[in-house]
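> Before I ask anything, here is the structure I am working with.
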Amino acid sequence: MTADAHEAAVARLREAYAAWPPGTPVRLAKHTSNLFRFRNATPSAGPQTGLDVSAFGHVLRVDPARRTAWVGGMTTYEDLCEATLRHRLMPLVVPQLKTITLGGAISGLGVESTSLRNGMPHESMTELEILAGDGRVVRATAGNEHADLFRGFPNSYGTLGYTLSVTIELEPVQPFVHLRHFRFETPEACMNAVARIAAEGSFRGHRADFLDGTAFAPDELYLTVGAFSDVAPWRSDYTGQQIYYTSIRSANEDFLTIRDYLWRWDTDWFWCSRPFGVQKPLVRRLWPRRYRRSDVYRKLVALDRRYGLTDTMTARRQHPPREMVVQDVEIPVEHGADFLRFFAANVGMSPVWMCPLRLRGERAWPLWPMRPGEVYVNFGFWGTVSLPAGRTDGYFNRLVEDEVAKLDGHKSLYSTSFYAEDEFYRRYNGEEYWALKHAYDGGGRLLSLYEKCVSGR
Ligand SMILES: Cc1cc2nc3c(=O)[nH]c(=O)nc-3n(C[C@H](O)[C@H](O)[C@H](O)COP(=O)(O)OP(=O)(O)OC[C@H]3O[C@@H](n4cnc5c(N)ncnc54)[C@H](O)[C@@H]3O)c2cc1C
């Protein structure tokens, strides 16, 4: 898409938005979503009721000399990486699921195995073009008159406006990633190793260009340390019969192409493809390779939620109801072991994904309470748990929310939340949020952050 075509699409969108009668609910008409809030509404409305943003799903320009990309706000990381890898470049942080978009990762945050080096996806943006809630189209940078919006956009979840395009920095890649999986037998040993890697940039002689981890049990945890490499004595392929997360337990060392490394978690949606049978050898052989993707599984989950199939079967079999516990939380590394022990004792779901991170620079982001210089670990857990007798939906999620607060952590908002409104705005900087809301969506055309992320409207 050319810059002129983009400008024309922006003008059309602005007119369409202005023509909507005040009070009409505004939603993005997108074909994919990675949100996990199904309570009162489908996450993305269909094209007939939503804002048509299909023109903003393209890479506009990759500039190899400057190492930047100018990208439509609804572009998926899959498409973006295809375009940048051609120049042996990649975004500084690539969220693991192929259909996560730039706009989604910036307004809804993201984290991946480069996050200890490079922070979060929004920290490598240099300019945002935003359709604000009040209908203006503004360009926001860290230093211009819209710097407040630039800083306040991350974690605003489309409640201040929508990103139409983003300029981001890129970094050079090598063709392969050399992985080593290190096992730990206590959460404390594992978290100590994270702190060491954060300080030294390597572990047992292996450079940590990438770092994440998988906890199968409190006495079986792995850190996977990845180093860029120009050579690979062999290359594994986890898009076929082999499954990436099971390989972590059986191999000490591995090699992947950079593309396969970036999407290593997508093929089996981490481990969440298990309930569909895709991890059974026979089903896997029959399940077409092109459908072994996170967006396919998510659509199946959305269908299940819409028609209540699993809930009906659970009730028919007279099994206790199950609660969906799908969350990512960030805990300071010194409390990470406490969180893992709490989680194993009280929720008991496994595996748990672990991704160390710290802010890339000194700049803080008002709606996301991370402190510069501090090392955190993102713990991700995605599944359902049987409710104990007498407990109702929300029991486990509230336990997690309380523990996260106790350990001085914070919770991402892409899934269900149960905070009371005053507590929510205390945790997510309501004061600055409302100042931005009045400045950029004074008429309140878009939902508020609480309405969107907690009430599920
Ligand atoms: C099982 C699971 C695992 C996950 N793991 C990870 C992970 O490991 N790493 C990670 O980074 N993330 C992870 N996520 C979270 C995911 O990154 C966020 O949900 C992200 O916001 C999704 O982006 P999306 O592009 O799919 O946006 P959508 O799902 O379409 O939308 C997300 C929110 O962002 C808003 N939005 C979307 N596009 C724009 C835009 N252009 N401008 C402004 N607002 C917009 C929407 O209104 C909505 O509120 C995970 C989610 C799940 C369910």
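The values are calculated or read from the model by the stated rules, or taken from the named source; none is laboratory data. For clarity, every value in this text was computed on a predicted model and none was experimentally measured. Note: ideal-geometry Cβ built from the backbone for every residue, glycine included; neighbour counts use all protein chains shown.
> Kindly check whether there is at least one residue in region 177-188 that is closer than 29 Å to residue 60 by Cβ, crowded, with 18+ Cβ neighbours inside 10 Å and either touching a residue at least 12 places away in the same chain (Cβ under 8 Å) or more than 16 Å from the ligand (Cβ to nearest atom) (or both).
Checked region 177-188: at least one residue is closer than 29 Å to residue 60 by Cβ, crowded, with 18+ Cβ neighbours inside 10 Å and either touching a residue at least 12 places away in the same chain (Cβ under 8 Å) or more than 16 Å from the ligand (Cβ to nearest atom) (or both).
> Limited to region 194-237, what total is found for residues that are of a type outside the set (S, T, N, Q) and either farther than 18 Å from residue 379 by Cα or over 24 Å from the mean Cα position of the chain (by Cα) (or both)?
Final tally of qualifying residues: 24.
> To continue, here is another question. Name the single residue that is farthest from the ligand (Cβ to nearest atom) among those in region 371-402 being surrounded by fewer than 18 Cβ atoms within 10 Å (Cβ to Cβ) and of a type in the set (Ser, Thr, Tyr).
My answer is 392.
> Right, next: Just one of 393, 402, 408 is farther than 20 Å from residue 117 by Cα, part of a helix (DSSP H, G or I), of a type in the set (Asp, Glu) and not assigned by TED's automatic domain parsing to the domain that holds residue 154; which is it?
Only one candidate passes the filter, namely 402.
> Here's a check for you: in region 405-457, which residue that is of a type in the set (A, V, I, L, M) and more than 12 Å from the ligand (Cβ to nearest atom) is nearest to residue 326 (Cα to Cα)?
It comes out as 454.
> Here is a follow-up. So which of 388, 372 is part of a loop (DSSP other than H, G, I, E, B) and more than 19 Å from residue 343 (Cα to Cα)?
None of the others qualify; the one that does is 372.
> Among the residues of region 298-307, which ones are modelled with pLDDT of 75 or more and more than 16 Å from the ligand (Cβ to nearest atom)?
306
> Pick from 143, 103: which is free of Cβ contacts under 8 Å to residues at least 24 places away in the same chain and either within 8 Å of the ligand (Cβ to nearest atom) or not in a helix (DSSP H, G or I) (or both)?
143
> Confirm whether residue 93 is part of a loop (DSSP other than H, G, I, E, B), in contact with a strand residue (DSSP E or B) (Cβ under 6 Å, 6 or more places away or on another chain) and within 13 Å of the ligand (Cβ to nearest atom).
So residue 93 fails the test.
> Further question on the same structure: Which ones in region 392-434 are in contact (Cβ under 8 Å) with a residue 60 or more places away in the chain and more than 20 Å from the chain's Cα centre (by Cα)?
Hits for region 392-434 are 393, 394, 395, 396, 403, 407, 408, 429, 432, 433.
> Hey, another quick one. Tell me which of these residue 237 doesn't satisfy, since it passes every other one: (1) more than 16 Å from the ligand (Cβ to nearest atom); (2) farther than 26 Å from residue 101 by Cα.
Of the numbered conditions (1) more than 16 Å from the ligand (Cβ to nearest atom); (2) farther than 26 Å from residue 101 by Cα, the odd one out for residue 237 is (2).
> Of everything in region 37-70 that's in a loop (DSSP other than H, G, I, E, B) and of a type in the set (S, T, N, Q), which residue is modelled with the highest pLDDT?
By that ranking, first place goes to 49.
> Output the residue which, of all residues in region 106-140 that are in contact with a Gly (Cβ under 6 Å, 6 or more places away or on another chain) and in a helix (DSSP H, G or I), is nearest to the ligand (Cβ to nearest atom).
107
> Look at residue 145 and say whether it is outside the structural domain of residue 34 (by TED's automatic domain parsing), at pLDDT 95 or above and farther than 25 Å from residue 414 by Cα.
No; evaluated as a whole, the condition is false for this residue.
> Find the residue count for region 349-369, including only residues that are within 14 Å of the ligand (Cβ to nearest atom) and either in the same structural domain as residue 246 (by TED's automatic domain parsing) or over 23 Å from residue 225 (Cα atoms) (or both).
Number of matching residues: 3.
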